[in-house]
Each structure stands twice: as C-alpha cells, then as structure tokens.
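Below is one structure, written out as structure tokens; the observations come after it.
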Amino acid sequence: TTSVQVPFENAGSVRVFVGTLSATAGYVQTGGSTSVEGGTLSSSTALDIRGGSLAGSGTVAANVVTQAARLAPGLSPGALAISGTYAQSAAGSFDVEIGGLLPGTEHDRADITGALTLAGGLNVSLLDGFIPADFDTFTIMTFPSSAGTFGIANLPLLPGDLVWKTHYDPTSIGLEVLADLDGDGVRNLDDCAPDDPTAWSIP
C-alpha cells in the first residue's frame, strides 16, 4: 500500500497497476484521468471526480461522485468494481464499449456495492465491428439499490429494424436489442407505433 496523507488533486494522469494507492486526506480530480488497471484505489473520503475520467478494470474502494466527468469501466473492455456508493451528476457520463455478450471480457460493466444515484448521460460504442442481434442483452451496471435514470442515452445506430431498449431493474441496468420493441408481433419497420403494443399499422 502506498499512502498519500495530504490532500491530493489530480489534473494529469494517475495509473494504479498493482497493490493499493490509498488517499487518506481527500482525492479531487479536476481534469486528466485516473485509471485503475488491476490494483486498488482507496480513499477515506469520497473520490471527487470533477473532470476528466475514472476508468479501468481494478477496484475503487471508496464512494465516488462524478461531476463533469466520465466513468469508463474496463480496458477495452472490462469491469470496474466500486466498493462504495456511486453518484453521477447531470453533467457526468457513463461510457460503455460493447464487443460481445460476455460482461467484463466482451463488454464493459460497473459493479457497485453501494447505492447508485444516477443522472447525466449514457454513451455506448461498438467495438471491432460487432453488430448485436435481436434479443441480445448486455448488463452494464450492477448495484443493491438505485435512484434516478440517465438523462440522455447516446446509442449507436443498428442495422435494419433493430433498436435499443434500456432496462432499469432493481439491482442492474441492462441494454437489449429488439426488432419488435413493443412485443406486439409486428417488427419495428412495419409498425407505425413501435413503442405502443396497442396500435400498429403499415407506416
């Protein structure tokens, strides 16, 4: 363990490869990046990520608050563990890369042990030419409890009549790809109201 016993402010690059980097007097990031690449970043107070990004596939042992910053789990792709709460402001974003169905190895995921408070944006990108198929699902966040939703979702275009659906479940957030969004038996391209199961006609 390497212990930083004075208030620490990052505007450059912090990378944690092995062991534990422990901030005992506060951790504030105004820009740049913090990347946990196999080790653990711990803090006795909440990580205050005001700008830049928090990324990686290791463990953050602290509560995390992001403001005008990005949470980007994985190392193209991967899973980031947050042993604490996570609060994302309206100016923050959660960035996810998807290259397959397996969480942590083919698509990004954040595993949070504390309560989730959500706002801001969701940004999704596809890796290595991967194209999801009908009924493919991707769990991108897990948590014990949550409040709020993403204010905006920036999702990649899909071919044909495939569309994205975001699921806010009690202990997870998932993305699903569907050719029949409302489940009324009529594919999206042939449905004038693709999100309304009580109505359809040829557009």
Looking for something within 27 Å of VAL65 (Cα to Cα) and modelled with pLDDT of 95 or more - is there at least one such residue anywhere in the range 158-165? yes
* To do: Return yes or no: is ALA68 over 16 Å from ILE140 (Cα atoms) and not in a loop (DSSP other than H, G, I, E, B)?
  => yes
GLY100 fails exactly one of (1) farther than 18 Å from THR166 by Cβ; (2) open to solvent by 10 Å² or more (accessible area, probe 1.4 Å); (3) in a loop (DSSP other than H, G, I, E, B), namely (2)
Within the range 12-24, the residues that are within 22 Å of the chain's Cα centre (by Cα) and open to solvent by 70 Å² or more (accessible area, probe 1.4 Å) are SER13, ARG15, PHE17
Flagged in the range 59-75 as small (Gly, Ala, Ser), touching a residue at least 40 places away in the same chain (Cβ under 8 Å) and either open to solvent by 10 Å² or more (accessible area, probe 1.4 Å) or out of contact with any Leu (no Cβ under 9 Å at 6 or more places or on another chain) (or both), in numbering order, are ALA61
When (1) hydrophobic (A, V, I, L, M, F, W, C); (2) at pLDDT below 95; (3) open to solvent by 70 Å² or more (accessible area, probe 1.4 Å) are applied to LEU181, the one that fails is (3)
Looking across the range 25-37 at residues that are under 20 Å from ARG70 (Cβ atoms), surrounded by fewer than 21 Cβ atoms within 10 Å (Cβ to Cβ) and of a type outside the set (Ser, Thr, Tyr), the single one that is nearest to the chain's Cα centre (by Cα) is GLU37
* Are any of the residues in the range 19-32 in contact (Cβ under 8 Å) with a residue 12 or more places away in the chain, part of a strand (DSSP E or B) and closer than 25 Å to GLY148 by Cα? -> yes
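Conditions (1) among the aliphatic types (A, V, I, L, M); (2) in contact with a Ser or Thr (Cβ under 6 Å, 6 or more places away or on another chain); (3) without any contact (Cβ under 8 Å) to a residue 60 or more places away in the chain; (4) outside any loop (DSSP other than H, G, I, E, B), marked per residue:
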residue: VAL124; (1), (2), (3), (4): yes, no, yes, yes
residue: PHE138; (1), (2), (3), (4): no, no, yes, yes
residue: PHE150; (1), (2), (3), (4): no, no, yes, no
residue: PRO159; (1), (2), (3), (4): no, no, yes, no
residue: LYS165; (1), (2), (3), (4): no, no, yes, yes
residue: ASP180; (1), (2), (3), (4): no, no, yes, no
For the range 36-50, pairs from a residue that is at positive phi to a residue that is crowded, with 18+ Cβ neighbours inside 10 Å, with Cβ under 7 Å and 6 or more apart or across chains, are GLY38/SER57; GLY38/GLY58
| query | Given the structure, is SER43 at pLDDT below 95 and of a type in the set (Gly, Ala, Ser)? | reply | no
(1) within 19 Å of the chain's Cα centre (by Cα); (2) closer than 24 Å to GLY120 by Cβ; (3) without any contact (Cβ under 8 Å) to a residue 40 or more places away in the chain; (4) open to solvent by 40 Å² or more (accessible area, probe 1.4 Å) all hold for GLU9 apart from (1)
Taking the range 112-152 and keeping residues open to solvent by 40 Å² or more (accessible area, probe 1.4 Å), on the phi < 0 side of the Ramachandran plot and either touching a Phe, Trp or Tyr at 6+ places or on another chain (Cβ under 9 Å) or at pLDDT below 95 (or both) leaves THR113, ALA115, THR117, ASN123, SER146, THR149
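The values are calculated or read from the model by the stated rules, or taken from the named source; none is laboratory data. Only a predicted model underlies this, so the values are computations on that prediction, with no experimental measurement involved. Using ideal geometry, Cβ is built from the backbone for each residue, glycine included, and neighbour counts are taken over all protein chains shown. Each accessible area value is taken on the protein alone, full model and side chains, heavy atoms only, with ligands, DNA and RNA left out. Shrake-Rupley method; radii C 1.70, N 1.55, O 1.52, S 1.80 Å.
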